[in-house]
Amino acid sequence: MSDERAALPPAPQLKRRSVVMGAALLAGLAPLQALQAAEPLEPDEEALFMPGTARPTADGRIEVDIHAWIFERERRWGLNAALARYLGLSLKTLSPAARLRFNQRTALFHTESEEGKLIDVVFDGTQTRVKMPPSTADGRTNLRVVVDAPRTAAPVQWLQFHGVTGPGELLHRFRGQALVVPPEGVSVISDIDDTIKRTQVRDRREMLLNTFARRFEAAPRMAAYYRALAQVPDTRFHYLSASPIQLYPALADFVRDNDFPAGSMHLRESTTWRTLIPGAEDSRAHKLGVIDRLLTEFPQRRFVLVGDSGEADPEIYAQVYRANPQRIDSIVIRDVTDEGRLSDRYRATFEGIDPVLWHILMPDTTAWPLQASR
């Protein structure tokens, strides 16, 4: 990896305007002064809203988490070739269609995160407008806020919103949404790679080709299983992956195009090439952190944990179960390592956990192990 990293072009210098906020803070300015030093987005800057979660409040309003990344695309010649070299791929050997996919899926890796940028959020169906905090050095701005619920006859499942940078200036292309999660019900926390999407994580070259150059391929039968689970009222889905946030647009298209139930998406924070492929501990920490946050924020809900055997999902989920035995309805592992339920790994991993609570989906399995109505 060190040789590949040495081939990377130098990181672009931050623009003067993008360090205004950091300079203000270093100078010891008060928060209000720092806020005044921040600026609205410029025409060549963008905001990507990640689909998070929201929850109804006792007074009929909605508490929502908003997560945005503000950046500017880099359009320097040679960036795609440099990234391909870093990944160990040859663009010349790819078909034209594969090269196009590579260019599309890597576009957000060629960006400069923007610091000290302001954006407001307007919620559809309401008069509510809230101001996000100035973006930090990594371009991120996050806010938890309570807003009025849209006036609709049916309960709201998705809270829709869009970015605004100035009076009357709507950024319609920067839309966002948050999944409204009822206090009670079942939440399905699902891994993505090799759980619902064929990635072949254990083979680095195949993983990279499947991630950046090939059509995404859904794992057999998983979408149908999930759609059956989604028929139960108040069931919600949360897609959890160590994939970097730059892959969100492609992964969101995959979930939609393959008829998986829509859900919140929790990807790994990564805004540099060097953290594109996470280490085992980074991946584990990310997944445990997200699961713990969902368990904490929705204390009355029950959870189904779905993953695969290609990495550490069995071990992570067993650890979560032991810490929260009353909250976890079941664990489902899609086997991609041909180990089988009686393998030493599974015996050791799930030792002491009731065998009826953990399930292995083998390649020839045709039935989901859980009753959808549970």
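The values are calculated or read from the model by the stated rules, or taken from the named source; none is laboratory data. The structure displayed is predicted, hence computed values, not measured ones. We place every Cβ from the backbone using ideal geometry, glycine too, and count neighbours over all the protein chains shown. The accessibility values were calculated without ligands, DNA or RNA, using every heavy atom of the protein model including side chains. Shrake-Rupley method; radii C 1.70, N 1.55, O 1.52, S 1.80 Å.
Would you kindly state how much longer the chain becomes between residue 80 and residue 170 on full extension, computed as 0.36 nm times their sequence separation minus their alpha carbon distance, in nm to one decimal?
Stretched fully, the residue 80-residue 170 segment lengthens by 29.2 nm.
Peptides 102-111, 340-349: what's the order by average Cβ count within 10 Å, highest mean first?
Listed from highest to lowest mean packing, they are 102-111, 340-349.
Taking loop as defined by DSSP and a crowding limit of 13 other beta carbons within 10 Å, which trypsin sites (Lys or Arg not before Pro) in segment 155-221 fit?
Passing sites in segment 155-221 are 202, 215.
How many lysine pairs does the chain hold where the Cα atoms are under 25 Å apart and the two sit 8 or more places apart or on different chains? Walk me through the intermediate numbers first.
On the way: 15/117; 15/131; 117/131; 197/287.
Lysine pairs, 8 or more places apart or on different chains, close enough: 4.
Classify the chain from the C-alpha gyration tensor, please: rounded if a/c falls under 1.5, else prolate or oblate depending on whether a/b exceeds b/c. Walk me through the numbers before you get to the answer.
On the way: a/c = 1.88, a/b = 1.21, b/c = 1.55.
Verdict is oblate for the chain.
Express in whole angstrom the spacing between the alpha-carbon centres of segment 193-240 and segment 109-135.
For segment 193-240 versus segment 109-135, the Cα centre distance is 30 Å.
Given H placed on each backbone N at 1.01 Å, which residues far from residue 194 in sequence or on other chains put an amide H within less than 5 Å of it?
Hits under the 5 Å cutoff: 199, 200.
Using a Förster radius of 22 Å, what is the FRET efficiency between residue 138 and residue 281 based on their Cβ-Cβ separation? Nearest 0.05, please.
0.65
Arrange the peptides 240-251, 54-65 so that the one whose residues have, on average, the most other Cβ atoms within 10 Å appears first.
240-251, 54-65
Using the Karplus equation 6.51 cos²θ - 1.76 cosθ + 1.60 (θ = phi - 60°), what ³J(HN,Hα) coupling, rounded to whole Hz, does each residue of segment 255-264 give in order, writing x for Gly and Pro?
Once θ is set to phi - 60°, the couplings for segment 255-264 become 4, 5, 5, 9, 6, 6, x, 5, x, 5 Hz.
Can you list residues whose amide H is under 5 Å from residue 174's amide H, if they're 5+ apart or on another chain and H is modeled 1.01 Å from N?
For residue 174, the qualifying residues are 163.
Based on the Cα gyration tensor of segment 68-141, what are the three equivalent ellipsoid semi-axes, each the root of five times an eigenvalue, rounded to whole Å and given largest first?
Semi-axes, largest first: 35, 15, 8 Å.
Starting from the amide H of residue 187, placed 1.01 Å from N in the peptide plane, find each other amide H under 5 Å away whose residue is 5 or more places distant or on another chain.
236, 302, 303, 304
What is the packing order of peptides 302-308, 81-87, 280-286, taking the mean over residues of other C-beta atoms within 10 Å and listing the highest first?
My ranking of the peptides, most packed first, is 302-308, 81-87, 280-286.
Give the percent of DSSP beta bridges with both residues in the chain that are antiparallel, rounded to the nearest 5.
55
Through the Karplus equation 6.51 cos²θ - 1.76 cosθ + 1.60, θ set to phi - 60°, convert the phi angles of segment 49-61 into ³J(HN,Hα) values in whole Hz; use x for Gly and Pro.
In residue order, the calculated couplings are 8, 8, x, x, 10, 9, 9, x, 9, 5, 8, x, 9 Hz.
Calculate, for segment 160-227, the solvent-accessible area per residue in square angstrom, rolling a 1.4 angstrom probe over the heavy atoms of the protein chains. Write out the running numbers ahead of the final one.
Details: 2820 Å² over 68 residues.
Each residue of segment 160-227 exposes 41 Å² on average to a 1.4 Å probe.
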